[in-house]
1. Among the helices (runs of 4 or more DSSP H) confined wholly to the range 71-146, which include 3 or more residues that are out of contact with any Phe, Trp or Tyr (no Cβ under 6 Å at 6 or more places or on another chain), at pLDDT 90 or above and within 17 Å of S60 (Cα to Cα)?
2. Name the residue that is farthest from M228 (Cα to Cα), counting only residues in the range 147-161 that are free of Cβ contacts under 8 Å to residues at least 12 places away in the same chain and open to solvent by 70 Å² or more (accessible area, probe 1.4 Å).
3. Taking the residues in the range 85-123 that are farther than 28 Å from A74 by Cβ and among the aliphatic types (A, V, I, L, M) as candidates, determine which candidate is surrounded by the fewest Cβ atoms within 10 Å (Cβ to Cβ).
4. Can you tell me how many residues within the range 179-234 are under 21 Å from L64 (Cβ atoms) and surrounded by fewer than 14 Cβ atoms within 10 Å (Cβ to Cβ)?
5. Give the residue that is farthest from A92 (Cα to Cα), with candidates limited to residues of the range 176-232 that are of a type in the set (V, I, T) and modelled with pLDDT of 95 or more.
Amino acid sequence: MHVPGPHRFAVKAVGGTGTVPCLRLPRPSSSSNKSSGGGAEGSSRPPDLAQRGCSCVDGSTAILHWVDEQVALASPDEQSQRLPALFPPGEAGQEVEQLCKEFDDRLGLAVACWAYSHLLYTPCMAWVMASPPAPLWERLIMRWGGWLLFRPLMTRVLKINPERSKARLLRIRSIFEGVGERLTDGRAYLVGDTLTAADITFAALAAPALGQPYALAPGLGEETPPDMRDVMLELRAHPAGKFALRLWEKERHIVLR
């Protein structure tokens, strides 16, 4: 994990484009290539990304597609334990793709800009960014005054100002309303009867606006700025907010083995 900005160097060093999230893939061993076929004649299993020479997967949607690919490559003994597809076939899968794109394009940046408009001026934010697992050199820079240089840079890059922050919050509320409307019929998930990439994408991108702890983010707490806390409590009480928090509580334990 890296401080925003220096993360680009770390991602590019492993073959990524500089965007996050980026999933670094392990190098396939020669034995795994042989056992999986590696695209060899007589093998019915296609090679995964690592076997095709890819060193990483860029972007959250691409990573979720990679998860589906790994599940599809499961051995016959593992078929009974296979998870439902995150991108179902047919029209349902197209709907999931559309929702993922909408959340990525409209919700992700809106939440980031709105959250940073509060947190960039909160002293504890610098200490959070200057904590492990961020590399030592980044932690030292942030603790020795780098935060004072980093803050105005982030403000310019994200174009943070009071007017834009209000506009971002309106967008967040609008997306929450749309998700809430989908849930009025009592469905447990946004598309179909099982967890899909649409659910994961919404819950992940909405987390900072809900005060949901993750990674180094401490979540809603005593140090949360009052204005930010009020909005978080409002969104947590919204049907879409309750839905996202339920996913964090009930679905996060699933592990792809």
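1. 91-102, 109-119
2. Among them, the one singled out is L149.
3. Among them, the one singled out is L109.
4. Here the count works out to 4.
5. For the range 176-232, the residue satisfying everything is V231.
The values are calculated or read from the model by the stated rules, or taken from the named source; none is laboratory data. As the structure is a prediction and not an experimental result, all values here were calculated from the model. So basically every Cβ, Gly included, is an ideal-geometry build from the backbone, and we count neighbours across all protein chains shown. Just so you know, the surface numbers come from the protein's heavy atoms only, side chains and all, with ligands and any DNA or RNA stripped out. Shrake-Rupley method; radii C 1.70, N 1.55, O 1.52, S 1.80 Å.
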